[in-house]
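Trainee: Have a look at the structure that comes next, please.
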Amino acid sequence: MDAAVTQFGRIDIMVNNAGIESRTSVLETTEKQYDMVLAVNLKSAFFGVQIAARQMIAQGGGGVIVNTSSVHEDWPMPGNAPYCLTKGGMRMLARTAGVELAPHGIRVVNVAPGAVATPINTVEMNPATLKRLDDYIPLGRMARPEEIGSVVVFAASDAASYLTATTIFADGGMMMQSPGL
């Protein structure tokens, strides 16, 4: 067991919930923007999964890792290429880690929200833009953070004990519309 594992207490559930955007396209993204988005969104998730899984295995008791992903793991968003790349990577992280870690009793599940009323989605929105987004979502509004929190709690609970290597989409029907916004 390495030193990184022993410094943490018992871990039964770990939630990866970090994310940033550059809001840049394939043609405009700088290397610095690309590196920052990948480091925060994907590299930190990968090593978070690794650290938590090592600790869970050392404990001998299995566990659950929930990654906050996005509808953009599957759904293109023109003008936000690095973000979409990282969320696509999160999809494969959950699938691969979920399969690799299942024999250890560790489940890995992504929760992929659509638009959520948090600063990443609302900081630059004016009332007209916000209304347009709400009108676009079949349920007619962005999710409240606590609604996504409830999905994360479900994914981590025994009620979801047969879920691993998969993604739960919580998007108000948004992905059933055309790509991007």
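Trainee: Identify the single condition in (1) closer than 29 Å to I137 by Cβ; (2) of a type in the set (A, V, I, L, M, F, W, C); (3) assigned to a helix (DSSP H, G or I) that L101 does not satisfy, given that it satisfies every other one.
Mentor: (1)
Trainee: Step by step: first the residues of segment 122-138, then only those that are among the hydrophobic types (A, V, I, L, M, F, W, C) and surrounded by 13 or more Cβ atoms within 10 Å (Cβ to Cβ), then the one that is farthest from S150 (Cα to Cα). Which residue is that?
Mentor: My answer is M125.
Trainee: Here's another thing I want to ask about it. Identify all residues within segment 51-71 that are surrounded by fewer than 24 Cβ atoms within 10 Å (Cβ to Cβ) and in a helix (DSSP H, G or I); write none if there are none.
Mentor: I51, A53, R54, Q55, I57, A58, Q59, V71
Trainee: Right, another one. Look through G60, G98, G88 and report the one residue that is free of Cβ contacts under 8 Å to residues at least 40 places away in the same chain and out of contact with any helix residue (DSSP H, G or I) (no Cβ under 6 Å at 6 or more places or on another chain).
Mentor: Unique residue meeting the criteria: G60.
Trainee: Considering only segment 129-147, state which residues are within 17 Å of the chain's Cα centre (by Cα) and more than 21 Å from P76 (Cα to Cα).
Mentor: Once the filter is applied, which keeps residues that are within 17 Å of the chain's Cα centre (by Cα) and more than 21 Å from P76 (Cα to Cα), segment 129-147 yields R144, P145, E146, E147.
Trainee: On to the next question. Tell me, yes or no, whether segment 111-121 has at least one residue that is surrounded by 18 or more Cβ atoms within 10 Å (Cβ to Cβ) and of a type in the set (S, T, Y).
Mentor: No, segment 111-121 contains no residue that is surrounded by 18 or more Cβ atoms within 10 Å (Cβ to Cβ) and of a type in the set (S, T, Y).
Trainee: Please go through segment 53-78 and give me each residue that is closer than 17 Å to G98 by Cα and within 16 Å of the chain's Cα centre (by Cα), ordered by number.
Mentor: V64, I65, V66, N67, T68, S69, E73
Trainee: Can you tell which of Y34, Y83 is aromatic (F, W, Y), assigned to a helix (DSSP H, G or I) and touching a Gly at 6+ places or on another chain (Cβ under 9 Å)?
Mentor: Answer to the check: Y83.
Trainee: Only one residue in D74, D12 is in contact with a helix residue (DSSP H, G or I) (Cβ under 8 Å, 6 or more places away or on another chain) and over 25 Å from I137 (Cβ atoms), so which one is that?
Mentor: Numbers: D74 fails: over 25 Å from I137 (Cβ atoms).
Result of the check over D74, D12: D12.
Trainee: Which of the residues belonging to segment 128-146 are closer than 16 Å to A112 by Cα and assigned to a loop (DSSP other than H, G, I, E, B)?
Mentor: I137, M142, R144
Trainee: Mind checking whether some residue in segment 8-19 is of a type outside the set (S, T, Y), in a helix (DSSP H, G or I) and in contact (Cβ under 8 Å) with a residue 40 or more places away in the chain? Give the derivation first.
Mentor: As a first pass, look at segment 8-19 and keep what is of a type outside the set (S, T, Y): 8-19.
In the following step, the residues that additionally are in a helix (DSSP H, G or I) were identified as none.
No, the conditions are met nowhere in segment 8-19.
Trainee: Moving to a separate point now. Between residues in segment 136-164 that are closer than 18 Å to A102 by Cα and residues that are small (G, A, S), which pairs lie under 6 Å by C-beta distance while being six or more apart or on different chains?
Mentor: T164/G98; T164/A102
Trainee: Then there's this: Let me spell it out: the conditions are (1) surrounded by 14 or more Cβ atoms within 10 Å (Cβ to Cβ); (2) part of a helix (DSSP H, G or I), and T167 meets all of them except one. Which number is the exception?
Mentor: Here T167 meets the rest and fails (2).
Trainee: Among the residues of segment 87-106, is there at least one that is more than 15 Å from the chain's Cα centre (by Cα), surrounded by 15 or more Cβ atoms within 10 Å (Cβ to Cβ) and more than 20 Å from Y162 (Cβ to Cβ)?
Mentor: Taking every residue of segment 87-106 in turn, none turns out to be more than 15 Å from the chain's Cα centre (by Cα), surrounded by 15 or more Cβ atoms within 10 Å (Cβ to Cβ) and more than 20 Å from Y162 (Cβ to Cβ).
Values in this text are rule-based calculations from the coordinates and carry no lab data. The shown structure was predicted, so the numbers you read here are calculated from the model rather than taken from an experiment. Using ideal geometry, Cβ is built from the backbone for each residue, glycine included, and neighbour counts are taken over all protein chains shown.
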